[in-house]
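Data block below; observations after.
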Amino acid sequence: MTTTQHLIRFLLLAGFAMLIVYLFRTGDMTLFIAPKMELLVKLSAIGLYAAAIYQLYAALKARRKSHAADCDCDHQHSSSRTKNIFVYSLFILPLTLGFLTPTGTLGSALAAKKGMSFTGNEMISRSATETSSDPVSLSTKGSSGNNNDNTLDELFPYDEYTVDHARLAKQLYEQPLIVVPEGRFIETLTALDLYRDAFMGKEIEISGFIYREEEMGEDRMAISRFAMNCCSADALPYGLLTTWPKANEYAEDDWVKGTGKLSISNYMGNEILTVELTKIERIPAPASPYVYPDLEFGF
Amino acid sequence: MRTTLFRIGTPALAIGCLIMIFLIATNRELPAVAWNVILNPANFQSFKILFISIILEAFPFILLGILFSALLQVFVTDEMIRRMMPRNPVAGVLVGGLLGIFFPLCECGMIPVVRRLIRKGMPAYIGIVYLLAGPIVNPIVFSSTFMAFRTSPEIAYARMIAAFVIAVLIGLLLSRFMKQSPLRTDGRHAAKGVAHFHHENNVRVHDHLQSNPHLHNTIDFKKGRIRSKISSTMSHASEEFFEMGQYLLIGALLTAVIQTVVGRDVLVGFAGEPMFAYPFMMAFAFILSICSTSDAFIAASFNGIFQPGPLLAFLVFGPMVDFKNTLMLMSTFKLRIVALLIALTAVLTVAATLIAEVIL
């Protein structure tokens, strides 16, 4: 391998290491990967730096020995040039994109492709609980407390799989205004959808970006967030359908905070949990546009 | 080296064409329109974020795999590997299937390690079993699947068992019928007598030109000082980084394009027909190429749309064979073997998940 090739490799490796540092410095890293991955990515930057330094060292060494290198390996230079250009430009592409183009956030365009969920986590959906065995029996057995608890348990029947969501739902139910928190965005939407009958008419506040489908018409839109597990390739959009008379004044991907009453509306043949907005305001996009599943939820 | 270009270029082009055909068939749009879709600002943002995030997420794992593989190369002799491997193919295959529990690497990190192990004398079928089962049968993936499918834990168990059974069956078949080395270059330079097609041979040629006392034979290995061992490790690691990296980048690029362009609604159209649901979920897993530690959450988001059988097919097939790692596999294994592996895995996945669907 020639000095030039070692130098190119040095530049590429150092480039990737610097891209990682750059993205952490500008705070844009949160757009690409979840917080739990950050340490690993930082460590990989160190690995890349080490490899870069090795390439520099090898380049210097190859230069000293360049007369020897001429004899045995120049036969492949001409034939491999096309391949090398192809390979190295592949490595240059993400570097160029990362350093030179401004980073936006994932928004409606991708949400439409990935498929918006209006019901929280589909694993713990109402259909799932309806089919599971006799949800009420467990809860009535469990409640030997006072009257208040009994009525709450009747409102929020649970089985072994929905016990955590039932507990969250009870907490939410006691709040005069339910603010959908960033930390438990999906869990909260799931609990609301699961026990939607109990929450009818409750006040709720939710922030997110505007997402719209054609079928929503002029007075409906969704307020939504992307939920990410590891990286944005696995991010999925979750949101709540809302109604607002002048919904078309808000463009897709505008960030808003909406307050309103929970109800049900019919959307594309399904009964969907809906917020009838009474107040809506624009807000600046948050530092991290994503929400993350709460890994401690239920543990 | 020119042949290497064709080796990468031809399959890549073929896959590109297939994608175009898929787009034309599903959206009835011209390819030119697909390019417009990519160049529109919102889609460009999605593409950029997805592309870079896949690369960043894969980096730690691929680096870990490369480092592990380089350390194996420099510090573990072929003799040690040979002694550790069971003689009996059945025992070997079972060990290969469970190796992931002790060395939980994800699919991107695994390919360099397996290639190294096979070159160092591990029977190829055991390596392939590890390659197939490892990304699934490991504690990290089990816990993430368990978490994603909290309401139906049987999915997590079924995923582990199905993956293990499929990998072991493929391993047994290969141990009976695969006589030649499955690695791309092994037969090659023997046949042609030319060393330069192959990077490792290049490394050998160039490394000793670089005056470093080289460590490939055991005598040097014993004499080698720490410094030259480190240097040799780094040399192998950075060589492999570029070799594996190019496939990772092509995979990430195409995955990001597909995710940006193809909508889920196109895909969900297939859900109703059980005949289509299985191949569809497997094709979807193949296209998405997400790491096996997070794919369970994606699968969970399809619950309710799909039956457990197709979901399981997604969870089992995806980590074994996907777009990104097929490209990486092609860098390592002969094309025939890769095609055979994909076909066998697909057939066995359908069979295993159909059985699981009946049991669950």
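Below, the figures for the structure above:
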| quantity | calculated |
| --- | --- |
| Residue among A:Leu236, A:Leu240 that is open to solvent by 10 Å² or more (accessible area, probe 1.4 Å) and closer than 30 Å to B:Ile287 by Cα | A:Leu236 |
| Residues that are open to solvent by 70 Å² or more (accessible area, probe 1.4 Å), modelled with pLDDT under 90 and more than 8 Å from every other protein chain (Cβ to nearest Cβ), drawn from the range A:84-103 | A:Ile85, A:Leu100, A:Pro102 |
| Qualifying residue in the range B:37-46 (condition: surrounded by fewer than 16 Cβ atoms within 10 Å (Cβ to Cβ) and modelled with pLDDT of 80 or more) | no |
| Subset of the range A:174-188 [under 15 Å from A:Phe199 (Cα atoms), in contact (Cβ under 8 Å) with a residue 12 or more places away in the chain and open to solvent by 70 Å² or more (accessible area, probe 1.4 Å)] | A:Pro176 |
| Total residues in the range A:192-217, condition within 14 Å of chain B (Cβ to nearest Cβ), of a type outside the set (Phe, Trp, Tyr) and closer than 22 Å to A:Asn229 by Cα | 2 |
| Neighbours by Cβ (under 7 Å, 6+ apart or cross-chain): first from the range B:53-67, within 7 Å of another protein chain (Cβ to nearest Cβ) and on the phi > 0 side of the Ramachandran plot; second at pLDDT 85 or above and part of a helix (DSSP H, G or I) | none |
| Qualifying residue in the range A:60-81 (condition: at the interface with chain B (Cβ under 7 Å from one of its Cβ atoms) and modelled with pLDDT of 90 or more) | no |
| Any hit, the range A:286-297, residues being in a loop (DSSP other than H, G, I, E, B), without any contact (Cβ under 8 Å) to a residue 60 or more places away in the chain, exposed (fewer than 14 other Cβ atoms within 10 Å of the Cβ) and charged (D, E, K, R) | yes |
| Test for B:Val33: is it away from chain A (no Cβ under 13 Å), part of a helix (DSSP H, G or I) and at pLDDT 80 or above | no |
| Selection count where residues are surrounded by fewer than 21 Cβ atoms within 10 Å (Cβ to Cβ) and without any contact (Cβ under 8 Å) to a residue 60 or more places away in the chain, scope the range B:162-175 | 0 |
| Residues being closer than 17 Å to A:Asp28 by Cβ, crowded, with 19+ Cβ neighbours inside 10 Å and not hydrophobic (A, V, I, L, M, F, W, C) - total across the range A:104-116 | 2 |
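A quick yes/no check of all residues on (1) open to solvent by 10 Å² or more (accessible area, probe 1.4 Å); (2) more than 20 Å from B:Tyr157 (Cβ to Cβ):
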residue: B:Met85; (1), (2): yes, yes
residue: B:Pro89; (1), (2): yes, yes
residue: B:Gly92; (1), (2): no, yes
residue: B:Ile111; (1), (2): no, yes
residue: B:Arg115; (1), (2): no, yes
residue: B:Ile118; (1), (2): yes, yes
residue: B:Ala124; (1), (2): yes, yes
residue: B:Leu132; (1), (2): no, no
residue: B:Pro135; (1), (2): no, no
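The values are calculated or read from the model by the stated rules, or taken from the named source; none is laboratory data. Since this is a predicted model, take the numbers as computed values, not measurements. So basically every Cβ, Gly included, is an ideal-geometry build from the backbone, and we count neighbours across all protein chains shown. We work out accessible area using only protein heavy atoms, side chains counted, and drop any ligands, DNA or RNA first. Shrake-Rupley method; radii C 1.70, N 1.55, O 1.52, S 1.80 Å.
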